[in-house]
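Here the structure is laid out as structure tokens; the discussion comes afterwards.
The values are calculated or read from the model by the stated rules, or taken from the named source; none is laboratory data. All values reported here derive from a predicted model rather than from experimental measurement. Here the Cβ is made from the backbone with ideal geometry for all residues, glycine too, and neighbour counts use every protein chain on show. Heavy atoms of the whole protein, side chains included, go into the accessibility calculation; ligands, DNA and RNA do not. Shrake-Rupley method; radii C 1.70, N 1.55, O 1.52, S 1.80 Å.
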Amino acid sequence: QVHVVESGGDLVQPGGSLRLSCAASGSIFRVYTMAWYRQTPGKQRESVADITSGGSTNYGDSVKGRFTVSRDNAKNTVYLQMNSLKPEDTAVYYCNARLSTYSGDFPQDYWGQGTQVTVSS
């Protein structure tokens, strides 16, 4: 069984910073890409940032230059450093881990339960 758990969501003022963490644990053979998504009510889930096991990163246009994704492969953990936060960054942030549970397994996507980020004065 695999667990993906996010943490770090909070209420923060505009212009502030926040760091999210996400750890994958359980019966894991190998973790490939780890990613952050976000969603607000009535809207589709939006890709925020992702990072491969080799450290290559991609960012959504709305967060480029403000957010930084990183990971600790030894801990199967991904982080999202969010700076210069704006009210429009308010959302539930979800972590995605693409991983295999045994050698030869086809990688599958596992999701966390989400963590609320609210940017408001």
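Straightening the chain between SER47 and THR101 buys 17.0 nm, computed as 0.36 nm per residue apart minus the Cα-Cα spacing. Protection proxy ranking for 59-65, 100-106, using the average of other Cβ atoms within 10 Å per residue and placing the highest first: 59-65, 100-106. Take 66-78, 28-40 and order them by the average number of nearby Cβ atoms within 10 Å per residue, most first; the result is 28-40, 66-78.
Along the stretch 39-56 the Karplus relation, 6.51 cos²θ - 1.76 cosθ + 1.60 evaluated at θ = phi - 60°, assigns HN-Hα couplings of 8, 10, x, x, 10, 6, 5, 10, 6, 9, 6, 8, 8, 7, 5, x, x, 6 Hz to successive residues, with x for each Gly and Pro. Placing a label point 7 Å from the Cα of ARG30 along the Cα-to-Cβ direction, the residues of the stretch 82-115 whose backbone N falls under 16 Å of that point are 98-109. Between THR57 and VAL5, the simple spin-label model (points 7 angstrom out along Cα→Cβ) gives 2.6 nm. Solvent-accessible surface of the chain, averaged per residue with a 1.4 angstrom probe and all protein chains in place: 53 square angstrom.
Output the Kirkwood hydrodynamic radius of the chain, Cα pairs only, in Å rounded to one decimal.
Result for the chain, one decimal place: 14.5 Å.
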